[in-house]
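The values are calculated or read from the model by the stated rules, or taken from the named source; none is laboratory data. Nothing here was measured: the structure is a model prediction, and the numbers come from that model. A quick note on method: Cβ atoms are made from the backbone with ideal geometry, for glycine too, and the neighbour counts reach across all protein chains shown. Accessible surface areas use protein heavy atoms only, side chains included; no ligands, DNA or RNA. Shrake-Rupley method; radii C 1.70, N 1.55, O 1.52, S 1.80 Å.
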Amino acid sequence: MNVALRSEYRKFVTTRLWWVLLLVMAAYMAFIGIFLGWSIGAGTAGLAVEGSSPGADLASPDSVRSSVYGTAAAFGYVFPVIIGALSMTGEYRHQTITPTFLASPSRTRVLVAKMIAALPIGVVYGAVATLATVGGGAAGLALGGSATLLGDTQTWTLVARSVLALTVWAPLGVALGSILTNQVLAIIVILVYTQFLEAVLRLGLTQVGDVGASIASYLPGAAGEAITGGSVFSSAGIADVLPWGAGLAVLAGYALVLAAIGSLTTLRRDVS
């Protein structure tokens, strides 16, 4: 297993794709952080000046913290998912999967090694995405005339949990890639789901009632946000989130279920 782990880790870091995608993610999250920080900061400052009660929940430190600094877990998770999926689909696309399987007779062991090797990559992606969001968000809040909340212990707890949430997404991406081995299809599915479909599902389910809202909290993106304690979606009342420990268990469960499906289906087929 140690040999397989070293091999799979080298496959991650010996290509330019992982750090190019990392830079794109950092710029993207910094931009979103600045935009949300400025928008929410200006809004909360306006409420403080007017002394109005409507929207007081949105102006609370917890809501501001989740809405701005929790953005990485809400919008940035697409990047570790993609890099994780590419580690599997890239082998099928470039036809290197055959020697990989020949080097390790157990295909399940290969999948497990890839998922474990994805964890440090997920940590890097999580740290960069979260810190870029925090830096941009703090600047935006300051520009909007609101407190940055960087001196609060709760803020740094959220930061740590955001890194944890994004870390889990990387092996989940590997597991998804073991099912959707076509690289183009995998990327399309990831982008459609993370950037559009889940938000629509959560919004639609919350309109059904308490049962729908409960189901929505178990969706993958919602589980990831739960680890941080919330996001702009939950702060806006679109959907509630699970306790952070439950969110971590649900997200890890998705990764394990996808890995089991890939191991029992795709990985058992002959490689052409």
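Some observations on this one:
- Taken as a whole, the structure places THR89 among residues that are touching a Ser or Thr at 6+ places or on another chain (Cβ under 8 Å), in a helix (DSSP H, G or I), of a type in the set (Ser, Thr, Tyr) and under 16 Å from TYR9 (Cα atoms).
- In the range 87-145, the residues that are under 14 Å from LEU172 (Cα atoms) and among the charged types (D, E, K, R): LYS114
- One residue from SER178, SER234 being touching a residue at least 60 places away in the same chain (Cβ under 8 Å) and closer than 29 Å to SER87 by Cα: SER178
- Pairs where the first residue, in the range 77-96, is closer than 13 Å to GLN183 by Cβ and the second is open to solvent by 20 Å² or more (accessible area, probe 1.4 Å) and outside any loop (DSSP other than H, G, I, E, B), C-beta under 6 Å, 6+ apart: ILE83/TRP18; ILE83/LEU21; ALA85/LEU176; THR89/GLN183; ARG93/GLN183
- Cβ-Cβ contacts under 8 Å between residues 6 or more apart (or on different chains), taken from a first residue in the range 152-169 that is more than 19 Å from TYR254 (Cβ to Cβ) and touching a residue at least 40 places away in the same chain (Cβ under 8 Å) to a second residue that is among the hydroxyl-bearing types (Ser, Thr, Tyr) and buried (at least 20 other Cβ atoms within 10 Å of the Cβ), are listed as THR155/TYR69; LEU158/SER66; LEU158/TYR69; LEU158/THR228; VAL159/TYR69; VAL159/THR130.
- Which listed residue, of TRP38, TRP18, is in a helix (DSSP H, G or I), open to solvent by 50 Å² or more (accessible area, probe 1.4 Å) and either touching a Phe, Trp or Tyr at 6+ places or on another chain (Cβ under 7 Å) or at pLDDT below 85 (or both): TRP18
- The range 133-154, subset assigned to a loop (DSSP other than H, G, I, E, B) and of a type outside the set (Asp, Glu), residue surrounded by the most Cβ atoms within 10 Å (Cβ to Cβ): SER146
- Boolean, THR130 is crowded, with 23+ Cβ neighbours inside 10 Å, part of a helix (DSSP H, G or I) and not aliphatic (A, V, I, L, M): yes
- The combined condition, being on the phi < 0 side of the Ramachandran plot, open to solvent by 50 Å² or more (accessible area, probe 1.4 Å), of a type in the set (S, T, N, Q) and at pLDDT 90 or above, is fulfilled by THR157.
- Test: residue in the range 204-218 that is in contact (Cβ under 8 Å) with a residue 12 or more places away in the chain, part of a helix (DSSP H, G or I), in contact with a helix residue (DSSP H, G or I) (Cβ under 6 Å, 6 or more places away or on another chain) and open to solvent by 60 Å² or more (accessible area, probe 1.4 Å): no
- Enumeration of residues in the range 173-203 that are at pLDDT 95 or above, open to solvent by less than 10 Å² (accessible area, probe 1.4 Å) and closer than 20 Å to PHE75 by Cβ: GLY173, ALA186, ILE190
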